[in-house]
Structures are given as C-alpha cells and as structure tokens.
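Report on the following structure.
Every number in this text was worked out from the coordinates using simple rules, so none of it is lab data. Values in this document were obtained by computation on a predicted structure and should not be read as measured data. Note that each Cβ is placed from the backbone with ideal geometry, even for glycine, and that neighbours are counted across all protein chains shown.
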Amino acid sequence: MGPVLAAVTLSYYRRHRSPRSRGHSVLKQRPVREPCPPCRAAVEDFYRETYESRSNVMGARTMNMCVEDSGVTTEAYWAHVVPGEFLHDHGADADADAHYLVNYNIFQVFAHTDEAQLIGERIYVDSAGYRYEKLPPKDVVTPEQARRELAPLLSRATLA
C-alpha cells in the first residue's frame, strides 16, 4: 500500500474505531493476531521486488472502500506502470525495452488490531482481466518523478 493510501486508510479506520464516531465508548474486543511468518515474508518480498524492479508506480483509477471494526476492504480498478522486461511471465507480447500501463481489478483486505496496527494484507487480482497499454517514453512516470510530484501531498499525509 502506498504512503498516501496508507494514511487515508488509517485515518478512516481510526475515525471508524473512535468512540465519538460510534456514539459509545465500548469497542468490540478481538484477540490480537500476529501475521504468520510466511505471510509476512511474502508481503515483504512483494514490496521489495516491486521497489527493486522499479515497478512501484501504481494507484487506483477508481476505488470503493469499506471501513469496519476488523480493518479496511477496498475494491479498485488499478493502474500499474511496469517495465516490459517484467511482463514475460504474463503471456503478453511485451517489448522488454518499453514500459506498459497494466490495468486490472483488485480486491484488498487489510486487517487491523483494535489499536489500528496492520496485521494482515490479502490481495486478490483479476489477472484474467489484465489490459496492457504500451506507453510512449514521454508518458512513462518513473518512481523518482512520482515521489517529486507527490511530495507536497505526502508532506501533509499523517499516520497519527
């Protein structure tokens, strides 16, 4: 989850869990679950590989979000800038030297503790519905460009 989405999601979740927004001060208590080590490792590997492959420019074109006691669920139409060299296992006829905008439906479940700590992340992707759009070089957004353009917004985002 990118930093902007993380800040917004956590803000909605905390607002939902707030006794003021619920009209009372009794919150449902749930046992705290720690993510299983293989699950945590898989999530860490995904984000590390995404960063290292420079395919970490992505975001929702449209999103529906549901905030509830156990966490946050989103359904989105996702857009992801991916270097062609990393699409060889997609079965797409991709030019390894080009970049592609890969669009697809995604369903995300982010489980939280009662203290709003992320304890689980499950992502479901409609890979059968992938759409590939070859980007002209002038339209490719690099991670550095995205960071620079989003810096003013990120500086206002808070996880507190």
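Overview of results
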{"item": "Translational D in µm²/s for the stretch 78-137 (Stokes-Einstein at 25 °C, 0.890 mPa s, Kirkwood Rh from C-alpha pairs)", "result": "186"}
{"item": "Surrounding net charge for Val102, when Lys and Arg each add one and Asp and Glu each subtract one, Cβ distance under 11 Å", "result": "+1"}
{"item": "The stretch 34-103 shape via C-alpha gyration tensor axes, a/c threshold 1.5", "result": "oblate"}
{"item": "Under 5 Å, built H, 5+ apart or other chain: amide partners of His99", "result": "Gly84, Leu135"}
